[in-house]
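Participant: Supplied in structure tokens, the structure appears directly below.
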Amino acid sequence: MASEPDLLPRLAAFARLLHDAGLDAGPGRLTTATRALVQIEIRDRAAFRDALRACFVSRRDELPLFEAAFDIFWAPPDPRLRAGAIPGRTRSLPLPPERARAWLQALGMNQAQIPRESEQEGTPSSSSGYSPEELLRQKDFEDLTWQEAEQVKRLLQQAPWRVAERRTRRLRPARHGQVDLRRTAQQSIRSSGELVRLLHRRPRLRRRPLVLLCDVSGSMERYTRLLLIFAHAVARREDVETFVFSTRLTRITRMLRRRDIDRALDEVSRKVHDFSGGTRIGQALADFNRRWARRVLGHGAIVILISDGWDRGDPELLSRELARLHRMAHRLIWLNPLLGSEGYQPVTRGMQAALPHTDDFLAAHNVEALDDLGRLLADLDRRVPARR
């Protein structure tokens, strides 16, 4: 533990490490932590950790990041450790390689343990006929390194999303189609009553709106960030309403309209208070059907529900609310990240209750699976689909 004269600058440096790891560690929290340390015995390591945890951690999902940062920063320098490693643990901080090297140097650790960008684990130097990008598209989100996750973020933001169009009741001028008698008559008046040519019209085409319902419970924690990046990428191109749920439903549509993806996700993490909690899909759908369905399911909306199906609620409630949602939507698509795992079978109570009321049951564990979803959305029939 640092001596008292050096404690304040060390505490400020620790706050910077927490900020780099994604926690809220601004001047206000640093001031609160400074005041809290005055009230405890500084040499008591357990009390020191508890005081800082109380000041810098506000949600359950932030605990692992805080514990990792505390062990790395306040542990004695060990040349065998690298800046992403945790003494006695297997989880690492989500630091970019260049930032990790800077912290290594600041903490007096060995920089030789940090691989260069070209040596990042999981980045193949060669492949049998497959480019690194193709291999990355097929890699499970759960197995991505930090650098690969950044590459996947760019791939999702650059994906050419396009949802199928539908015919509206409004008509527009066209070269072919039904005769537009009103415009034809108006034109004939300008030519002294002579019928020069027939004008036509046809229905306008508009893209179908999308509604995303994303599970952010504890069982989905390893997929949540990249799936929210996927939601942000789609929202930049399409008319999308986005909701997240764990134990309750939260609308995040306006947050995802920010151009900067990192600021958008930071705002989502601050406003959604049940990240990594339990899962009550049926209750969340009941809330959506009661409060939001009439507002966002008009004009032939497509509903995409992203969840692994692990549900602590009543399966009968889930079945009833999903059937109601199914009747109101043009198409109901369920994305399950576990579907891409070898040998997976949808045998949980939640999935058994949900499958009879879904039109499509697809995987969502890698970029390739999301590309398949994009092709499905682009090829959707304009008519109401036959329920499967």
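Participant: What's the ranking of 254-267, 185-198, 16-29, 276-289 by average number of surrounding C-beta atoms within 10 Å, highest first?
Facilitator: The densest-packed peptide leads the list: 276-289, 16-29, 254-267, 185-198.
Participant: Sorted by mean Cβ packing within 10 Å, highest first, what order do the peptides 311-321, 342-352 take?
Facilitator: The peptides rank, most packed first, as 311-321, 342-352.
Participant: Tell me, what is the FRET efficiency for Q138 and R248 to the nearest 0.05, using R0 = 41 angstrom and their Cβ-Cβ distance as r?
Facilitator: 0.70
Participant: Sticking with this one: Pop a pseudo-label 7 angstrom from the Cα along the beta-carbon direction at both V196 and L171 and give the gap in nm to one decimal.
Facilitator: 2.1
Participant: Can you give the extra length, in nm with one decimal, that the chain gains between R43 and E368 once fully stretched, where that is 0.36 nm per residue apart less the Cα-Cα distance?
Facilitator: 111.8 nm
Participant: Also: Quick check: residue separation of R59 and T348 times 0.36 nm, minus the Cα distance between them. What number comes out in nm?
Facilitator: The span from R59 to T348 would gain 101.2 nm if fully extended.
Participant: Taking a ≥ b ≥ c as the square roots of the Cα gyration tensor eigenvalues, with a/c under 1.5 meaning rounded and otherwise prolate when a/b beats b/c, else oblate, which class fits the range 210-378?
Facilitator: Because its axes are fairly even, with a/c under 1.5, the range 210-378 counts as rounded.
Participant: Rounded to the nearest 20 Debye, what is the dipole magnitude of the range 266-388 about its Cα centre when Lys and Arg each give +1 and Asp and Glu each give -1 at the C-beta?
Facilitator: 780
Participant: Of G300, L322, L338, whose Cα points farthest to the positive end of the dipole of the range 279-350 (charges on the beta-carbon: +1 Lys, Arg; -1 Asp, Glu; origin at the Cα centre)?
Facilitator: Sorting the options by dipole projection puts first G300.
Participant: Arranged from highest to lowest average of other beta-carbon atoms within 10 Å per residue, in what order do the peptides 171-178, 151-158 appear?
Facilitator: The peptides rank, most packed first, as 151-158, 171-178.
Participant: Here is a further query. Pop the C-beta distance of L7 and A149 into the FRET formula with R0 = 30 Å and round what comes out to the nearest 0.05.
Facilitator: Plugging the Cβ-Cβ distance into 1/(1 + (r/R0)^6) gives 0.30.
All of the numbers you see were taken from the coordinates with simple rules; none came from a lab. Fair warning: this is a prediction, and the values are worked out from it, not measured in the lab. All Cβ positions, even for glycine, are placed from backbone atoms using ideal geometry, and neighbour counts span all protein chains on display.
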